[in-house]
Every structure is written in C-alpha cells, then in structure tokens.
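All of the numbers you see were taken from the coordinates with simple rules; none came from a lab. Note that the structure is predicted; figures quoted are calculated from it, not measured. Glycine also receives a Cβ, built like all others from the backbone with ideal geometry; neighbour counts cover every protein chain displayed.
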Amino acid sequence: MSLTESQRFHLKKTIKELEQHKGSHTELVSVYVPQGYELVKIVQHLAEEQGTAENIKSTSTRKNVVDALERMIQHLKLFKRTPENGLVVFSGNVAEREGRSDVKVWSIEPPVPLKTRIYRCDKIFVLDILRDMLDIKEVYGLVVIDRRDAIIALLKGKTIVPLLKTHSEVPGKFKAGGQSAARFSRQREGAARDHYRKVAEYMKEQFFHLEGLKGIIVGGPGPTKYDFIEEGEITNELKKKIIAVKDLSYTDEFGLEELLEKSEDVLASEEVIGEKKLMGRFLDTLAKNHRLVSYGENEVMKRVREGMVDTLLVSESIGDEKLEQFEQEAAKMGTTMKIISTETREGAQLRDLGKVAALLRYEAH
C-alpha cells in the first residue's frame with residue numbers, strides 16, 4: 001500500500017521532530033503496538049517495566065524512565081481500543097538542560113498496518129520502522145523498445161527511474177552492395193531477435209527479484225514491441241506481469257514520459273495520474289476562464305478564507321509551516337487539499353506558479 005502525499009508529509013514531519021531528541025542515558029521510551037493487539041496488555045507491561053526501573057542506580061535516569069512510562073500509561077488509557085493499523089507511542093524527558101524535567105509523549109496511528117511489537121528504552125527513539133513506511137514499496141517496470149534501442153526504467157511513486165539503455169546491432173534498412181536481399185533480410189531478423197533476447201535478459205536482471213513489482217508496461221513505435229513480446233524469450237513470470245502495451249512516437253527518455261502519459265488507464269489508481277489530472281484541470285481552466293482559478297500564496301489564502309476554494313493544490317516545496325497553515329484553513333472551509341510533488345512536469349509548473357493554486361467554487365470578481 002502506498003502512502004498519500006498528506007500521510008507522507010505528516011509522517012516525515014513527526015520523524016524529523018523525534019530525531020531531534022537525545023537522552024543523556026537510556027531513558028527515551030519507544031513502544032510499537034501491532035494491529036489487533038490489546039492495549040490493556042501493553043499498559044500492564046509498562047507498569048511492570050516501571051517496577052523494574054525502580055532498580056536503576058542513577059537517580060536522574062530512574063526518575064526520567066519512571067516518569068516517561070507513567071506519562072505513556074496515562075496517554076494509552078485515553079484510547080478505547082488499538083487503532084486499525086496499530087499504534088506507535090514515544091515518551092521521554094526532552095529538556096535540553098540536564099537536571100530539568102520536560103516529559104513529553106507522542107502517539108502515531110501508522111498509515112499502514114503495523115506487524116511488529118517493540119518496547120525499548122534507549123538514548124534515541126526507535127524510528128527505523130516508521131522510516132521504512134516512507135519507502136514506496138509498489139513499483140511498475142517500464143520498457144520502451146524499437147529495433148535499434150531500448151530503455152528499461154521503474155515508475156516508483158511519481159518518479160521515473162531509468163535503469164539502463166541498450167543499443168542493437170540491427171543493420172540499417174539499406175544493404176551493402178553485392179549482398180542478396182534475402183541474406184540481408186535474414187541478417188536483420190537475426191540481429192533483431194538477438195536484440196530482443198538481450199532486452200529480455202536485462203528485464204530479468206532488473207525485475208525478476210524486485211519486491212513490490214505490480215506490473216510491467218511495454219511501449220514503442222510500430223510493431224517492434226509486439227515482436228519483442230512474442231520473440232524475446234521473456235521469462236513466463238515476467239510475461240504474466242505485462243499489464244499493457246502502448247504505441248509510442250518516441251524512444252529513450254522522451255519515450256518513457258510518453259509511456260507514462262499513455263498509461264493513464266492502467267495507472268488510474270496511482271497518485272501520479274491523479275496529480276497530473278488535477279494540475280491539467282487547473283491549467284485548462286486557467287486558459288479558458290481565469291476567474292475560476294487562483295494562484296500565488298497570498299491570493300489563494302484569501303480565497304480559502306472566503307470559502308471560495310473547492311480544491312486547493314499545494315506544492316510540497318512550500319515548506320512545512322506554510323503547508324500546515326493552508327491545511328488548517330482548508331479544513332475550516334471544507335476545502336479539499338492535495339499536496340503536489342515537484343517530480344512531475346505539472347508539479348514543477350505549480351512550483352513555478354507560486355507553489356499554491358486553487359480551483360474555485362464560483363467565479364472571482
């Protein structure tokens with residue numbers, strides 16, 4: 001399951017905040033509660049750990065651990081049950097000066113199901129599992145091929161990641177003097193098959209053991225892509241993963257961009273397509289009736305507060321503080337807010353337009 005941009009933003013922000021805190025000793029408490037696990041058992045365990053902590057020799061460390069556990073226990077009692085995906089709780093004395101006490105507690109309902117149970121006291125909070133949730137697990141393989149060239153890439157979230165390029169030894173269309181047409185044709189066909197096999201082998205190297213591969217999309221000009229699928233000796237496991245074949249005008253990196261655009265039907269559920277469509281709708285409306293849109297931080301914030309904004313588009317490049325301001329104001333007015341990455345062409349356009357744009361409910365005058 002992939003995280004939405006909003007989930008990603010809030011999780012990154014929380015991790016960044018927790019990373020800043022360091023304990024003088026092993027006194028920062030991290031607890032991971034897996035989905036379906038009873039909170040009452042966690043509370044019992046923490047109460048037992050409080051008893052054990054009373055044996056810590058250092059007075060300040062003992063006090064900090066006992067206080068952190070108590071704060072966490074009281075916080076957990078606010079929950080009637082374990083949230084659907086589990087719960088992650090952190091607690092500890094985060095006072096910057098030693099000898100002072102400022103015990104804080106944080107709780108996070110993870111955006112994806114939590115399978116691991118952890119209790120740990122350390123000098124830092126245990127954050128690796130949360131960091132791992134930020135990694136995009138689901139990817140698509142992209143292959144653009146013609147008789148002369150091929151490029152293999154991944155679509156990871158919204159980003160096209162080129163993996164490798166290869167060039168064939170297929171001769172040009174014109175035979176050398178003295179060569180029979182039949183022999184030349186055989187040479188071309190043989191070289192083409194070698195090219196297909198080589199690309200199939202590269203596909204196997206790149207995709208076969210790839211975790212989270214949801215599908216492979218193949219594209220290219222003319223009939224070559226079909227010949228490749230039929231004659232390329234692609235392994236059966238990968239052949240079953242081919243979910244679409246698209247006709248393209250380009251190869252190389254331009255071909256990858258075109259393949260992404262022509263695969264909207266296949267990738268409709270992916271965020272990248274929704275993002276491109278939203279930005280496309282904004283740009284189209286801007287060209288046809290500029291009174292139905294707004295852009296630029298100050299102008300859009302004014303429209304949000306007036307309740308005029310239907311859909312708010314905010315670039316991830318705007319910075320955490322401003323993004324939160326827009327999120328809070330949008331929530332008050334029932335405005336839908338979408339965080340737009342800078343990794344697509346349309347996302348870069350939003351960044352250049354002032355990082356904030358809006359589709360309005362009615363014309364502005």
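Brief remarks on what is shown
- Beta bridges by DSSP in the chain, antiparallel share as percent, to the nearest 5: 70
- Euclidean distance between Cα centres, the range 24-67 to the range 108-124, Å: 14
- Folded to 0 to 90 degrees: helix 39-53 orientation relative to the chain principal axis, Cα: 60
- Added length on full extension, which subtracts the Cα-Cα distance from 0.36 nm per residue, GLU70 to ARG188: 34.8 nm
- Relative to the longest principal axis of the Cα atoms of the chain, the long axis of helix 271-288 lies at roughly 80 degrees.
- Based on Cα contacts under 8 Å between residues 6+ apart, the range 271-360 shows a relative contact order of 43 percent.
- Label zone at GLU306, where the point sits 7 Å out along the Cα-to-Cβ direction: the range 336-365 residues whose backbone N lies under 20 Å: 336-337, 354-365
- Measuring between their Cα centroids, the range 192-221 and the range 304-365 lie 39 Å from each other.
- When Rg and Dmax are taken over the Cα atoms of the range 139-262, they come to 15.0, 53 Å.
- Extent along the principal axes, Cα only, for the chain: 96, 60, 35 Å, with the longest axis given first.
- Projecting the Cα atoms of ALA153, TYR119, THR59 onto the dipole axis of the chain, where Lys and Arg carry +1 and Asp and Glu carry -1 at the beta carbon, places ALA153 farthest toward the positive end.
- Here the average projected area of the convex hull drawn through the C-alpha atoms of the range 271-360 stands at 5.0 nm².
- Here ALA348 and ILE243 are evaluated by their C-beta separation; at R0 = 25 Å the FRET efficiency comes out at 0.35.
- Placing unit charges on the Cβ atoms only, positive for Lys and Arg and negative for Asp and Glu, gives the range 233-323 a dipole magnitude near 480 debye about its Cα centre.
- Over 25 Å (Cα to Cα) - which of LYS16/LYS338; LYS156/LYS204; LYS16/LYS302 fall in this group: LYS16/LYS302
- Along each principal axis, Cα extent of the range 38-144, largest first, Å: 65, 33, 20
- Among GLU138, GLU201, GLU17: highest mean-square fluctuation, GNM of the chain, C-alpha pairs under 10 Å: GLU17
- Applying 1/(1 + (r/R0)^6) with R0 = 25 Å to the Cβ-Cβ distance of LYS332 and ASP132 gives a FRET efficiency near 0.15.
- From helices alone, the chain scores -13000 deg cm²/dmol at 222 nm; the rule is -39500 (n - 2.57) for each run of n ≥ 4 DSSP H residues, then divide by the residue total.
- Convex hull per residue volume in Å³, alpha carbons only, for the range 62-211: 164
- For the range 5-134: relative contact order, % (alpha-carbon pairs under 8 angstrom, 6 or more apart): 40
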